[in-house]
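Asks: My questions all concern the structure below.
Derivation of every value follows stated rules applied to the coordinates shown; laboratory data play no part. All values reported here derive from a predicted model rather than from experimental measurement. Backbone-built Cβ (ideal geometry, glycine too); neighbour counts: all protein chains shown.
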Amino acid sequence: MAKACWPYFDPEYETLSARINPPRVSVDNISCRHCTVVKIDSVNKPGILLEVVQILTDLDFTITKAYISSDGGWFMDVFHVTDQQGKKITDGRTVDYIERALGPKGDAADGMKNCPGKRVGVHSVGNHTAIELVARDRPGLLSEISAVLADLQFNVAAAEVWTHNRRIACVLYVNDYSTNHAVHDLNRLSIMEEQLKHILRGSEDDDKVARTSFSMGFTHTDRRLHQMLFADRDYEGSGVTSEVDYPSSFKPKITVDRCEEKGYSVVSVQCKDRAKLMFDIVCTLTDMQYVVFHANISSNGPYASQEYFIRHMDGCTLDAEGEKERVIKCLEASIHRRVSEGLSLELCAKDRVGLSSEVTRILRENGLSVRRAGISTIGEEAVNVFYVRDTYGNPVDSKKIEALRREIGHTMMLNVKKDPGSAKASEAEAISGWAKTSFFFGNLLDKLLA
């Protein structure tokens, strides 16, 4: 038999362009009076826009303006960013990190792995096991999940929970309470999975109603939650979402048009501005296999205007009405998943096994439904942030908050804050047992990773 010969391809050829033209990053605090200007010029590659936006978002930056151009083989972006207080980025370590993560010494992909953000994976959060759950939401479900983990002697070190259109998605990081290490016993993991599946299914026998899995590799937590709900087709449930869930002030206006001159589809989004809005939109477009060639992002007071010039990965534009409608529904879902108008409860206590179970049980018994949650552990201290409404989806009245405070007593520090996006936020009085502090889940998990 004749021996087949194949041409040799140098594996370093793919990175040749990047090595000849390494990324150039500029962090400019002089050109603009009110914000820091971050400029990135590099060789274009699939997914680079999401990687860059993800790094800036994980640093809790607010992107007030952005100009994106990646037509052809070159990627050129300009971002106007501030910190959460609306000030410039002047900390030397943060500036160095931006230049290192986005620059030639560690491209955006490597930057993601080392970024102080949130990732999913057995090995991505030290000695913790990552669990992913997707199910039909119902009052008290998070409390039941926490109780199962506590009964099996698993400690919840960190978690993020999103709900949307009657669906719930969770990423939980757990360890063995006795060793504080990841759980490798397959028998224990199997028992946990079966009990969680039973809880998630509720009274329904269909296995498709709920899914449980362990670790999906190194993936950013927020992106993973978007992927989980997208795969669960939560965007198809828009018909059951009421105005109580999403007031008119949060309702986005999304259109999809065609740019005949350049052969792009133009996605225009106008909605109330909020943190991480650009990340959520770019994440969804990327996961739907669309490539962003140009974009123009701006904020005008409390509102955001974002325009994306896109094509599908196969080079096609959005011509079919059904595909346009699907893109609009998916983007609406990605915007709404993180919206939590109402009360946020920030609780701080000494960490112990069953703490999350106790907290969620108290919330359930006081008639509070968790819409979104973030749980982290820093040393011996547990910090929990819950966005809540009552069991009917209505705003929580002050009597329930007072009852909650009496039950918690002196065992936990509680801070109750009105969502700043609410029209009545200025009228709300904080019921606080400690100083007001804003907790950003990325920073908390960064401390957990340290």
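Asks: Based on the mean of other Cβ atoms within 10 Å per residue, sort peptides 78-85, 140-147, 54-61, 272-279 so the most packed one is first.
Replies: Working: 78-85: 17.0, 140-147: 21.8, 54-61: 23.4, 272-279: 20.1.
For the peptides 78-85, 140-147, 54-61, 272-279, the packing ranking is 54-61, 140-147, 272-279, 78-85.
Asks: With the cut-off at 1.5 for a/c, could you classify region 253-337 from its C-alpha gyration tensor as rounded, prolate or oblate?
Replies: prolate
Asks: Starting from the exponent 0.38 and prefactor 2.2 Å, build the expected Rg for region 126-191 from its residue count and divide its actual Cα Rg by it. Present the calculation step by step, with values, prior to reporting the outcome.
Replies: Details: Rg = 12.3 Å, N = 66, 2.2 N^0.38 = 10.8 Å.
Ratio of Cα Rg to 2.2 N^0.38 Å: 1.14.
Asks: Starting from the Cα of R405, step 7 Å along the direction of its Cβ; do the same at S31; then give the gap between the two resulting points in nm.
Replies: Label-label distance for R405 and S31, simple model: 4.9 nm.
Asks: Using the structure shown, select from K253/K324; K39/K65; K251/K324; K39/K251; K197/K350; K65/K253 the pairs with a Cα to Cα distance greater than 22 angstrom. Please list the in-between numbers first.
Replies: On the way: K253/K324 14 Å; K39/K65 12 Å; K251/K324 18 Å; K39/K251 32 Å; K197/K350 30 Å; K65/K253 19 Å.
Violating the 22 Å Cα-Cα cut-off are K39/K251; K197/K350.
Asks: For the peptides 371-384, 291-304, what is the packing order when you average, over each peptide's residues, the other Cβ atoms within 10 Å and list the highest mean first? Before the final figure, lay out each step's value.
Replies: Details: 371-384: 20.4, 291-304: 16.8.
The densest-packed peptide leads the list: 371-384, 291-304.
Asks: Can you give the FRET efficiency to the nearest 0.05 for E323 and R166, using r as the Cβ-Cβ distance and R₀ = 30 Å?
Replies: Numbers: r = 25 Å, r/R0 = 0.83.
For E323 and R166, the calculated efficiency is 0.75.
Asks: Something else now. From zero up to wherever the largest Cα-Cα distance of region 12-102 sits, split into 5 Å bins and tell me the percent of pairs in each.
Replies: All Cα pairs considered, the percentages come to 3, 13, 25, 25, 17, 10, 5, 2, 0.
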